[in-house]
Amino acid sequence: MELDKRYYINVGPGGTFKPSGDAQYDTTAKHVDALIDKLRADQQQRVLLYFHGGLVGLKSGMEVAERIHRYTAGANVHPVTFVWETGLFNAIGENLSVIHKSKFFKKLLIKIIKIAGKELGVDIDNLLAGSKGIGQMSDEEIARELQKDAPFEVTSVDPTKKSASLRLDDETQISDAYIDTVVKNEVEAGLSEEIADDLELIHLAETEKPSEEALLMNPAYSGGLATEGEKGIISLALLIKSAVRITLRVIKRHIRKRDHGFYPTVIEETLREIYINDLGAWVWGAMKDKAKRMWANDDFSGEPEKWHAGSYLLDRLNAYQDEIGSPLTIDLIGHSAGSIAICHLFDAVKERYSGLRFRNLVFMAPACRCELFNQSILQNQELYDHIRVFTMLDDYERKDQLASKLYPRSLLYFISGVLEDGEYDAPILGLQRHITDNAPYDKIPLLQSISHYLEQERRMVYAVTDATAAEGFRSGSIRHGDFDNDKEATLDSIIAIIKN
């Protein structure tokens, strides 16, 4: 049965009512007007605004909208799902598949793993063969390990196997300048020798890449010539230089305790250096831009399809509240990247609709940066009554494989380590490691503040909860996409919160 358009808003390009390509699901300003008319006819003052996550295209978004409508049937609330067609999962999956098939990428990865492992004294632990230093492994042995679903998953650090320059009593004394000079000399020597002896890797680097791979490569690898950049041709000198940069960043992150595990960190830094072009700058950046632009200031004149969908709903809700002369009860729920949309919603309300307030704010595996959460939510606590955050324990987060073999961590880890601009290990609200006041994050005032806030009044729920968890505090999610699935305890908890 097709869902009534009074229960969802399909956000088009640029956060507007522009058609998204499927007329069956397009939303117009008139549909929002009809939504308000239904609230008026039903004398309904309770509204739920739901924002799906970043893994969702149109079809999946509509499935979520139908599920939310079904789950809230007995909750005396009018649900409105924002279907904003992020499609992040498909874009990431397709791009990672292209990269994973690249012989050049795999060969380069082996060299970085070997030298970074040697410098850091990383051992790979095997139940049958015991521990072995990664720096002593052959290219063939590393290649075999890379065929596993979770390569280098069990590792340890043997201080006696670290390079002489890193074998210091107090690693906190190792400055970036020290790494960029002393350690760099060792890394450069090791990589130069490894790469120079591998004629196949040199050939793969200096050969034109398949177009689908070249399009994903960082334009900086053009060597100053646009045609080379488009073809993905990398000279021997640039190859060594980039491998050194990647390896040094891996070393710095381990020393600063900001790594995501040895192998995932190598993958993250390699992607950030060489393949970030389309993967992050376009896909993730465009999605965040849409989450913000749907709330853009608008006078609602001119062509209605150019009006910003989120702002139009807020404007109509605000007018309806004025009409009935009493406050609406509005609950906000955001899954994953939906939390980013809600943060920007708060900014719009603070700026233009100060009469609106929110009862419950619920985040599930939120993908927003901690800085945005602080700026938009914590600095505007007068706009809401209660908040609850559901997310996974870090043990489950680390096992939630985004891409088997290539990236054995969750989407939130990938966002933190790859997609966010200008910073590795970017603090993400849904990652337990960032919000529990543990080292090294206990030295970051912003994260300390967020951690202390969320610890109060039972605001945090970590999956998987046990059988003793109270109603409204239960979650069984062990994968990022599970939180809003059917038969998932988290949705039952949300309904309990709404009914309270």
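Taken together, the values in this text are just the output of simple stated rules run on the coordinates, not laboratory data. Bear in mind that the values here come from a model prediction, so they are computed numbers and not experimental data. Neighbour counts run over all protein chains shown; Cβ positions are idealised from the backbone, glycine included.
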message: Given Cβ point charges of +1 (Lys, Arg) and -1 (Asp, Glu) and nothing else, what value in debye, to the nearest 20, does the dipole of region 358-436 about its Cα centre take?
response: 300
statement: Of all C-alpha pairs within region 92-279, those more than 26 angstrom apart amount in percent to 30
message: Less than 12 Å apart at the alpha-carbon level, and either on another chain or at least 8 residues along: which aspartates and glutamates does that give for Lys132?
response: Asp123, Glu141, Asp158
statement: Taking only the alpha-carbon atoms of region 1-140, the convex hull volume per residue, in cubic angstrom, is 218
statement: For the chain, the Cα gyration tensor yields equivalent-ellipsoid semi-axes (√(5λ), largest first, whole Å) of 45, 25, 19
message: Could you work out [θ]222 nm for the chain from helices alone, using -39500 (n - 2.57) per DSSP H run of at least four and dividing by all its residues? Round to the nearest 500 deg cm²/dmol.
response: -12500 deg cm²/dmol
field: Cα-centre dipole for region 92-279 with unit charges at Cβ (Lys and Arg positive, Asp and Glu negative), debye to 20
entry: 280
- line: Among Gly310, Ser156, Ser235, the residue whose Cα sits farthest towards the positive end of the charge dipole of the chain, when +1 is placed on the Cβ of each Lys and Arg and -1 on the Cβ of each Asp and Glu, is Gly310
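Could you work out the mean projected area of the convex hull around the alpha carbons of region 393-473, in square nanometres to one decimal?
Orientation-averaged projected area of the Cα hull: 6.6 nm².
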Packing-based exposure ordering (other Cβ within 10 Å, fewest first) of Ser102, Ser493, Ser156: Ser156, Ser102, Ser493
message: Within 11 Å, Cβ to Cβ, of Glu382, how many net charges do the neighbouring residues add up to if Lys/Arg are +1 and Asp/Glu are -1?
response: +1
- line: For Phe300, placing the label point 7 angstrom along Cα-to-beta-carbon and taking region 36-68, residues whose amide nitrogen sits under 17 Å are 36-41
- request: Taking every Cα atom in region 292-391, find the radius of gyration and the maximum pairwise distance Dmax, and write them in Å.
  value: 13.7, 42
message: If Rh is defined by the Kirkwood formula over all Cα pairs and Rg also comes from Cα, what ratio Rg/Rh do you get for region 437-479?
response: 1.09
task: Tally the DSSP beta bridges in the chain and give the antiparallel ones as a percent, rounded to 5.
output: 25
